[in-house]
Structures are given as C-alpha cells and as structure tokens.
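Enquirer: Sharing a structure, written as structure tokens. Questions coming.
All of the numbers you see were taken from the coordinates with simple rules; none came from a lab. Predicted, not measured: the structure shown is a model, and the values here were computed from it. Methodologically, a virtual Cβ is constructed for each residue, glycine included, from the backbone with ideal geometry; neighbour enumeration extends over all protein chains shown.
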Amino acid sequence: MQNELTHSSCAKKRRRDGALLPLVRTRRAANRHPLFPQYNYQVQVAENQPPGTPVITMAAQDPDSGEGGRLLYSMDALMNSRSLELFSIDSQNGLITTTEVLDRENMDLHYFRVTAVDHGVPRLSATTMVAITVADRNDHNPVFEQSEYRETIRENVEEGYPILQLRATDVDSPPNANIRYRFVNEQAAHSVFEIDSRSGLITTSGQVDREKMEKYSLVVEANDQGKEPGPRSATVRVYITVLDENDNVPQFSEKRYIVQVREDIRPHSEILRVTATDLDKDNNALVHYNIISGNSRGQFSIDSVTGEIQVVAPLDFEVEREYALRIRAQDAGRPPLSNNTGMISIQVVDINDHAPIFVSTPFQISVLENAPFGHSVIHIQAVDADYGENSRLEYKLTGVSSDTPFVVNSATGWITVSGPLDRETVEHYFFGVEARDHGSPALSASASVTITVMDVNDNRPEFTQKEYFIRLNEDASVGTSVLSVTAIDRDVNSAISYQVTGGNTRNRFAISTQAGVGLITLSLPLDYKQERRFVLTVTASDRTLHDTCHVHINITDANTHRPVFQSAHYSVSVNEDRPVGSTVVVISATDDDVGENARITYYLEDNIPQFRIDADTGAITLQAQLDYEDQVTYTLAITAKDNGIPQKADTTYVEIMVNDVNDNAPQFVSAHYQGIISEDSPPFTSVLQISATDRDAHANGRVQYTFQNGDDGDGDFTIEPTSGIIRTVRRLDRESIPVYELTAYAVDRGIPPQRTPVHIQVTVQDVNDNAPVFPAEEFEVLVKENSIVGSVVAQITAVDPDEGPNAQIMYQIVEGNIPEIFQMDIFSGELTALIDLDYESKAEYVIVVQATSAPLVSRATVHIKLIDQNDNSPILKNFQILFNNYVSNKSNTFPSGVIGKIPAYDPDASDRLFYTFERGNELHLLIVNQTSGELRLSRKLDNNRPLVASMLVTVTGRNSSVGYQKGKI
C-alpha cells in the first residue's frame, strides 16, 4: 500500500484516434498524525456534583482535512478500572463528564489515557494522559475512635492528672478536618475535669472524691471547623468511674454505748449491737469489729461482721460491777483503717442472789447481872454480798417473850439490855436473831444467841500471853479461824468474854468466846496491798474487870492480782523489708503481787510463723520475711501469765501494720507488643496500647509509661504516661524505616522507682508517597540499526521505593516521538521500533519518557543512539588521475609525493575500506596505500612508458566489495 502511495507508475490510455497515449497517476498526500497540545492534563472537579457534570474537553489537533482529520476519542483507566464507572468521554468532541456522584473520600484521584484516532488511511492516533483530582467538600462528620469511652480513675489523684486521650478523625481534607474538642455538658464535669481543645486529653482540674460523686457521664464534641459548606461535628459519651481509695475511717453511730445487764443473764444472750459506717465502697467499706480492751476475763464476745455483743460467761455483780469495753471498727481496705474509739459501758445490774451471812454463829455472850439499861451486850454482824437495797440488812430477835430483857438495834445489830437482869432468877437467855435484806424477794439468815448472866466478881481476867504472833495468807477465806486467845479469871464461875478493842482496821477480824477461849476469825477479805500487818488489841472481860493482849498478824502475799498490760491495745507499723530477727515492739505487763506471783511470762496465743515473742522481756521479733502483697496486717493475741498458784493472766492485742515498700517492679501484660501503622498517618495517631501492673500499693504501685532511657524511634513516637497509648510524633516514612524496634519502660512512683522494659515492634505500612526514579534525568540508550520492526530494541525502567501495588509503574513517551518511531510498553518499559531504523538516515533520537505511579510521575530525557551496522557496500565510480611529467635527462622527474586518492566511500560510518589493483598495474608503476587509497608513482616509472594507462581498481569493505572500474592515467 505504501509503495503505491510513494512511487509513481505509468500506463497507457487510448487516444480518440485510437492511438495509445501514456497514462500518468499522480502521488497522493501522506496521512499525518493527530496531536494533543499537551502530553498530560490535570483538572479538578468537586465531589458530590450530579452526574453529567463536565470536567474537561480533550481536543486533539489533526492537520489533515476531511475524513483524515475527523477524530474519534476514547479513554482507558490507568490505575483503577473503577474510574471508568465514574467518568465517560464523548467520542466526538472529547468532553469528559461524570457518570455518578463522586466521593473524594472513596477515591480522590483518577488517571486516564485518552486516545484520539483519525479516519485517514492508515488510521493514526495520538494519546495523552489526564489526571482528575476530586476536590473536597466538608461532607463527613468527625468520627471518634470508639463509640463510647469508659475509664476508671482512683480518687485523690493530683490536679492535672491525665485520664483519657480522645481522638477523632475526619476523612475530609485537612482544612475540613481541623478538629477541636469541648465538653457539651460542661456542668456535668463539676469542675473536676477539663479537656484540651486541640489534643482531646481529659485531665483532672479539681479534687476527685468518690464519696462526693462516683460516676461521671460527659459528652464530648469534636468539631471539624470546616468551611464548605460549614462545620460538622460529632459527639461521644465518656463514662468516668471513680475508684474508691480507702480514705475514710469507720465511724461509730454513737460516741459511747451504755447498756445495763442483769447479772443473772443467760450466756450467749445478745445485749447490744454496735454499728459503724464507712463512706468508702466495697472492701474499703466492709467493717469488722473486735474487742481490744476491757474483756480480760472473756465474759463478752462480738460478732466481727454484725457488731452483735453477747455475754458468753456468767456475770457476777459482786465480782465486777461495770465493764468498759473498747471496740475497734476496722475496714477491709489495703491498708486497713480502724477506729479504736468505740466505748461500751456495760453496767451489771445486781439481783438479790446472796442471802445474808453471819460472821460468827452461834453468838454467845455473858453479861453482868448489874448491867445498866442500854448496856451493849453483843454486836450481831451479818454481811450480804449484794449491793444497795439488796445488801441493806435489818435485824430482829426471834423466840423472845415480852419480858425478855434484851432488844436489838434493827440497823446496827447491837443487842442491848432493856430490862433488869437477875442471875438468881434467870441465868441463861436463849433466843434467835434474824438478818433480812431489803431485796425482792428478801433473803434472810438466822443465828442463835445465848446470853449468860454473870455474877459480879473482883478478879480481872488475865491473858496467858500478852503478845501473840501469827502469819496469815491474804487469800484466806472469810470465817477462817486465825488464832485462839485465852484469859483466866480466878473468880468462881467467872465468865470471860473477848472483844477486839483496837487495831482492827476495816473490821477485817471478829472474835467470839467459845469455851472460855477467844476465837479470832476472818470477817472480811484481806488485801495485801492495803494492809500487810495488823496489831489487834484483844480485851478479855469478866463483866467488870478486863485485861488486854496484842495479837500481831502478818499478812503474806497471795496471788491475788493478775498481770495488767500497760496498754489494752498496741498498734505498730513495720516495713515489709524489715530484716529477720529485728525487734518490732516490746510490750510489758505489771503485777501488783510480789515474788513468783509477780514474775510474768509472755505467750503468743496463735502460732503466727512470722513473729515470736520473748517469754521474759515481751519483745516481739520478726522471724520470717514479711510481704505486704500477701498480708497487710497481723493481729497477735499476747497473754501475760504470772507464776503464782493458781496462775493468773491478762491478754492484749498487738496490731502490726505492714508498710509497703517498693519491692515489686511493674509487670507487662504481654512479653512484647506489635503494632501496624500506615506511613501517611497524621501525627499523634494511636498505634497500640501497652499495659503493666504493679503488685505494690499506692504510689509504689501506680504505673507510668515512658520511652526515657529506652528507644522511641529517634523521636518518631511518644507514649501517654498514664494510658500507655503509643502515638506517632510526626509522619513516618516506610522507605526510610520500614520496621521500628522500640523499647518502652513501665515505671512506678516508688522511691527509688522500679522500671521494667518491654520490646515493641511497629511495622510501617506503605502508601504511594514516592515518585518513580529513573537512573538519571538524562541518559543514553544504544540501539542497533536495522532492528526488526516490531521487535524490542531496548528497555527503559525506573524504580519506586514504595512496595506492592504502590510500586507499580506505568511508562509512556510524552515528547519527541512524532511521528511515532517507537512504542513503549506501558508496564514493562520495553521500547519497540515501529519503523526500520537506519543509522545512515538518522543516528540519534531524543525522547522524553514518563514513569507514573499514580498520582506521582517523573520524567527523563532519553538519547536513543543507533549503533551502525555494515549494511552498505563501498561506492566507487570511474575516475581519472592526471599528472604532469617534465621530460629531462634525469630519471626522477616524476612527482614523488601523493598524486591522488582513489575516490571510494562507504555510507557505513564504521566500515573500513581496503584498496587493491585488480589489473593494469602488473609492473607496479602505481603504488596504492591499501588502507587510505592514496596513490604514489613508483620509482620504476620512466618516460618510456605509455602516456595513458587503464587500470582496474578494487575497493573492498569488511563485508562487501565493488567490482573494477576503468580509469585512465
């Protein structure tokens, strides 16, 4: 087809007269390529526009006229085939319009190759690229990372304490995604919380007290500050729960409890219920009760949970009239808080459970017959162990007649003479005496009284000893016989009566006359502390005359006193790292007895392996290592026993509070962490969250996170100290660092702090942020001439530092390929020759190639240099060499230099010619330089030679040669 267009041919046509005339066909004009004014186009279209919105008209120019200049447009998506669903091109006028509503957030860049094909013969085309950017409209609300946030915080944290980092993102472009945060319901924060408008960090701004408010429900708004068409916002609810700290001591409902209890109450009866409330929560508000003092005899018990106090042992008003119990209310917090101020006064109400007891019975006494009226004869004594009205006694005589000459004082018990006595009439009086108390019902006792009327005599009684000495143990029971004293009266039938007339402090002793002997008995209990020695003056009387003696009674100590601790309750604190063997506390008890009765031995009631007590000194020492995390408090029951017989004891409680020391390092929930983040993520994007716990308490167990002394990726990452959320500081570059190996620390707030490292691996995901890179902005490519049309003659490639789909490169020629000499494979970069390349016609082509990794492009200028091939024969035409000869007698008159050069040449630049004489120079009169073709005359030439010589010269290339030609010389 092409040869027909470019070559002429001749035919003949018949003349009108029948003669044949030559027919000449004219040469048609060549079809020329259409051309786009630009190699690529960039245009913007707003999102959310209705379908059919015009974008750009792609108008190519074709210099041809008629059908050859009429163009047909089409386009192909280069990066994403979905682009063809959103745009179309009018095949006639090249107008690109939208076919659907565009969404920038779904796809913001579209790349097309637009082709314009003419209707000439052959049909030629032109291509260009168009990049369509979808412009943003503020059509998306900010979106929080979570649908709701829930966080806990311990009460009493310091002001400014970071609680929670909120983050909202907006897929709109940055001008429409400039997010600001605020509390919608500011009053709900109660001036306790505030939020940073830029970072979204919620911190404390006031005191956090769970007892005032435990739960907060905050609404946070994120506003994107957008302009077109206006700002948009989103809200999220933040629930903050305040965790309880054990910061409230249990409080008793009353400052002092008073209860009256009858002494005959049955054991295990409830007498009182104490209550204490704790404003804290859960275990911190779980109150347990125990008696810490005043219950040395163990008469009472308290339910540790309900506070119910019961009588567990019989009460006896006569032994103990009132009990003062001290109650401790202790919560179950760590460490526990306790209130030791609970006081209970238990007043034992006396019942009339003791009948009167006469100190001596029967009562026998003598009285002189001349005793006057009102004379005191005998003192009738009875005692009642009860109290008050139950112990107030009234005496009366029984078995007497109206003429009995004796009466008794109902209050004092003294029997006095009320009538004349006459021994000759009545020598002996026998009657009874009754002592009755005023209890309800009243109890009584009776005793017999014998009064003998004595004759008056003139001899006084005389004691057989003036001084008596005796020892008496203080625990001797009432009624014990102490000593008998004897007085002798020489009178006949003299009756001697005995009385203690001095030294009877507190009426401890009584004396009665029995068979003429004065029997001293114990009438009231002794007390070694009050009286250790008595000197009694005993009087023996025979009615009128008397004698005295002294009885020396030394009281010996009995084990009457129990040991008493100096404190009813001991409370001591000890650090958990206290060395084994060290003394924790020394407790002591005192005993008012003496000797062995006062030597005290200390015992631990329960076997608690961590502690031991020195039996002699009361020193409590540590015999095993303490651990606050295993047990916070120990309550030791210590008993002090004396060495008397029987032994007596007292019990106290020692509360040992273990203080936490920072002996536990934080422990991470996971041994290592892995995170993934896209390299185009904006600064402060959250990557992952690490978490650690610390078994210690309070500040020792409060964990913060840091990169200090670790590895933060050269400052590319930061960590929120309280939440452990790791965020980026700046935009990352996967091509520089694809994987970060970070090291973070969990640090507690102990002194000194403990820290634990953890390894964090963050993988950076690739985004298409690097343009392809050619080897150089300008470089050469060597191509052999005569390469087969349609074959690959070279490959031009660029590299993209991105990876995966982001590193896919498309190639095209954008300049210097008119008319189309080369075609470039869009994906491989292979360069194909579309015409026969001839070095002799054009040795070099300069094109501009473009590598596209949408939306990024780069260009390079490529010099395609053809490599010459030996595809042409040397060319030599007939030629003549003329030179003058001067006739002389000399033989060397011919020119001696170069007289000429064989005029041969080879179109191939790389070919070398070789010159030889084929014939006519058999005598070698001409000399030729075989490589340069220069001719010289031989020295053998003389004038005898013909003037004209015809020679055949052969010129040979490396691969071809030409035949001989004639030339005349």
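Enquirer: In nm, give the distance between the simple-model label positions of ARG945 and SER588, each being 7 Å from the Cα along the Cα-to-Cβ direction.
Expert: Label at ARG945, label at SER588, 15.3 nm between them.
Enquirer: Any chance you could check the Cα centroid distance between segment 85-131 and segment 492-566 for me, in angstrom?
Expert: Cα centroid to Cα centroid, the span is 137 Å.
Enquirer: To the nearest Å, what is the center-to-center distance of segment 653-676 and segment 704-758, using C-alpha atoms only?
Expert: Using only Cα atoms to place each centre, the spacing works out to 20 Å.
Enquirer: Right, next: Subtract the Cα-Cα distance of GLN808 and LYS865 from 0.36 nm times their separation in residues, and report this length gain in nm to one decimal.
Expert: Gain in length upon complete extension: 17.7 nm.
Enquirer: So which of LYS842/LYS877; LYS466/LYS648; LYS529/LYS641; LYS396/LYS529; LYS901/LYS940 end up more than 29 Å apart, counting from Cα to Cα?
Expert: Pairs exceeding the cut-off: LYS466/LYS648; LYS396/LYS529.
Enquirer: Rounded to the nearest 20 debye, what is the charge dipole size of segment 410-566 about its Cα centre when +1 sits on each Lys and Arg Cβ and -1 on each Asp and Glu Cβ?
Expert: Using Cβ point charges on Lys, Arg, Asp and Glu, segment 410-566 gives about 680 debye.
Enquirer: Here's something else I'd like to know. Please find the FRET efficiency linking ARG321 to VAL564, where r is the Cβ-Cβ separation and R0 is fixed at 25 Å, and quote it to the nearest 0.05.
Expert: For R0 = 25 Å, the calculated efficiency reads 0.85.
Enquirer: Give me the Debye-computed log₁₀ of I(q)/I(0) at q = 0.17, 0.19, 0.21 Å⁻¹ for segment 196-286, equal point scatterers on Cα only, no solvent, two decimals.
Expert: So the normalised log intensities are -0.92, -1.01, -1.09.
Enquirer: Among bridges DSSP assigns within segment 352-456, what percent are antiparallel (round to 5)?
Expert: If I count the DSSP bridges inside segment 352-456, around 80 percent turn out antiparallel.
Enquirer: Next up: How high is the relative contact order of the chain, given as a whole-number percent (alpha carbon pairs under 8 Å, six or more residues apart)?
Expert: Here the relative contact order equals 5 percent.
Enquirer: Could I ask something else about it? Any idea what the dipole of segment 465-518 comes to, in debye rounded to 20, about its Cα centre with Lys/Arg Cβ at +1 and Asp/Glu Cβ at -1?
Expert: 80 debye
Enquirer: Once Rh is set to the Kirkwood radius over Cα pairs, what Stokes-Einstein translational diffusion coefficient, in µm²/s, holds for the chain at a temperature of 4 °C and a viscosity of 1.567 mPa s?
Expert: The diffusion coefficient I find is 29 µm²/s.
Enquirer: Between GLN347 and HIS190, what is 0.36 nm times their sequence separation minus the Cα-Cα distance? Round to one decimal in nm.
Expert: 51.4 nm
Enquirer: Please identify the chymotrypsin sites (Phe, Trp or Tyr not before Pro) of segment 720-828 that satisfy two criteria: DSSP loop assignment and at most 11 other Cβ atoms within 10 Å. Which are they?
Expert: PHE827
Enquirer: Among PRO757, ALA794, TYR740, whose Cα sits farthest toward the positive end of the charge dipole of segment 732-799 (+1 at Cβ of Lys/Arg, -1 at Cβ of Asp/Glu, about the Cα centre)?
Expert: PRO757
Enquirer: Give me the percent of Cα-Cα pairs in segment 40-135 that sit more than 17 Å apart, rounded to a whole number.
Expert: In whole percent, the share of Cα-Cα pairs in segment 40-135 beyond 17 Å is 48.
Enquirer: Based on the Cβ-Cβ distance of SER197 and SER91, what FRET efficiency does E = 1/(1 + (r/R0)^6) give at R0 = 60 Å, to the nearest 0.05?
Expert: The calculated FRET efficiency here is 0.65.
Enquirer: Placing one identical point scatterer on every Cα of segment 564-659 and ignoring solvent, what is log10 I(q)/I(0) from the Debye formula at q = 0.19 Å⁻¹?
Expert: Result of the Debye calculation: -0.84.
Enquirer: In addition: Taking the Cβ of ALA833 as the center, what net charge do the other residues with Cβ under 12 Å away carry, scoring Lys and Arg +1 and Asp and Glu -1?
Expert: After counting each charged neighbour, the total is -4.
Enquirer: Below 8 Å between Cα atoms, with a sequence gap of 6+, how large is the relative contact order for segment 698-768 in percent?
Expert: Once divided by the residue count of segment 698-768, the mean separation gives 35 percent.
Enquirer: Same structure again: Along the charge dipole of the chain, which of TYR673, ILE292, GLN330 sits closest to the positive end, that is, farthest toward it, with unit charges on the beta carbon of Lys, Arg, Asp and Glu (+1, +1, -1, -1)?
Expert: Going by the Cα projections, it comes out as TYR673.
Enquirer: Please give the length that would be gained between ARG70 and VAL478 if that part of the chain were fully extended, namely 0.36 nm times their separation in residues minus their C-alpha to C-alpha distance (nm, one decimal).
Expert: The span from ARG70 to VAL478 would gain 132.2 nm if fully extended.
Enquirer: Estimate the FRET efficiency between PHE883 and GLU844 by the formula 1/(1 + (r/R0)^6), using the beta-carbon distance for r and 45 Å for R0, to the nearest 0.05.
Expert: Efficiency, from the Cβ-Cβ distance: 0.60.
Enquirer: Could you check how many percent of all C-alpha pairs in segment 143-243 are farther apart than 18 Å?
Expert: 45 percent
Enquirer: Next up: Tell me the Kirkwood radius of segment 271-349: reciprocal of the mean inverse pair distance over distinct alpha-carbon atoms, in Å.
Expert: 13.3 Å
Enquirer: For the chain, give the magnitude of the charge dipole about the Cα centre (Cβ charges: +1 Lys/Arg, -1 Asp/Glu; no others), in debye to the nearest 20.
Expert: Its charge dipole is roughly 7140 debye.
Enquirer: How many percent of DSSP beta bridges within segment 40-135 run antiparallel, rounded to 5?
Expert: Once the DSSP bridges in segment 40-135 are tallied, antiparallel ones form about 75 percent.
Enquirer: Same structure again: For a distance above 17 Å, tell me the whole-number percent of Cα pairs in segment 359-467 that qualify.
Expert: 57 percent
Enquirer: Within 10 Å of each candidate Cβ there may be at most 16 other Cβ atoms; applying that plus a DSSP loop requirement, which GluC sites (Glu not before Pro) in segment 147-251 survive?
Expert: Hits after loop and neighbour filter: GLU158, GLU159, GLU211, GLU214.
Enquirer: What order do you get for ASP172, ASP606 when you list them from fewest to most C-beta neighbours inside 10 Å?
Expert: ASP606, ASP172
Enquirer: Separate question: Using 7 Å Cα-to-Cβ label points, what is the ASP627/GLN647 separation (nm, one decimal)?
Expert: 3.5 nm
Enquirer: Still on this structure, please answer the following. Which distance in nm do the two modelled labels at ASN370 and GLU308 give, with both placed 7 Å along the Cα-to-Cβ direction?
Expert: 7.7 nm
Enquirer: With a cut-off of at most 16 other beta carbons within 10 Å, and DSSP calling the residue loop, which trypsin sites (Lys or Arg not before Pro) in segment 515-569 qualify? Please list them.
Expert: Filter output for segment 515-569: LYS529, ARG532.
Enquirer: Same structure, new question: Could you give me the radius of gyration and the Dmax of segment 667-765, taking only the C-alpha atoms into account and expressing both in angstrom?
Expert: 13.8, 46
Enquirer: Kindly state, as a whole number, the per residue volume in cubic angstrom of the convex hull around the alpha carbon atoms of segment 381-435.
Expert: Dividing the Cα hull volume of segment 381-435 by its residues yields 80 Å³.
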